[in-house]
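Peer 1: A single structure is presented below for examination.
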């Protein structure tokens with residue numbers, strides 16, 4: 001079962017997830033908004049982690065449960081997106097709204113077990129997957 005972790009608490013995914021290719025961490029940005037195309041970026045917000053997420057049990061309902069745990073009300077329709085590794089914010093986003101989309105996401109978890117998730121007002125959410133080797137807390141990805 002997943003659990004929430006503040007960004008100030010350490011957690012070594014490489015050690016904990018070694019031998020467990022279905023586990024991943026969500027780096028969750030919430031509480032602010034995206035800029036518009038063509039210079040899409042996320043402004044400010046709060047960041048925390050969701051550790052020990054298992055792709056075999058993961059679903060859109062799990063994302064909703066995470067948001068509820070953070071105090072957000074979740075309406076009947078929510079839009080999630082993830083960015084394929086090495087994709088950009090403009091053309092690398094893929095829908096994450098049903099079981100087929102989760103299966104598409106699952107193909108990346110074995111190689112890239114940090115998933116970065118952004119939540120914006122109006123309940124539009126974007127999810128981005130990054131390689132652990134690219135994690136740099138002092139220089140977050142665009």
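Peer 1: Could you sort the peptides 82-88, 3-9 by per-residue average Cβ neighbour count (10 Å cutoff), highest mean leading?
Peer 2: 82-88, 3-9
Peer 1: Still on this structure, I have one more. At q = 0.12, 0.17, 0.21, 0.28 Å⁻¹, what log₁₀ I(q)/I(0) does the stretch 1-63 have when each alpha carbon counts as one equal point scatterer in the Debye sum?
Peer 2: Per q value, in the given order, log10 I(q)/I(0) is -0.40, -0.71, -0.91, -1.15.
Peer 1: Students often check this: by mean Cβ neighbours within 10 Å, which of 17-30, 91-104, 47-60 ranks highest, and how do the rest follow?
Peer 2: Top of the packing list down: 17-30, 47-60, 91-104.
Bear in mind these aren't lab numbers, they're just calculated from the coordinates by the rules spelled out. From a predicted model like this one, the values you see are computed outputs, not experimental measurements. Here the Cβ is made from the backbone with ideal geometry for all residues, glycine too, and neighbour counts use every protein chain on show.
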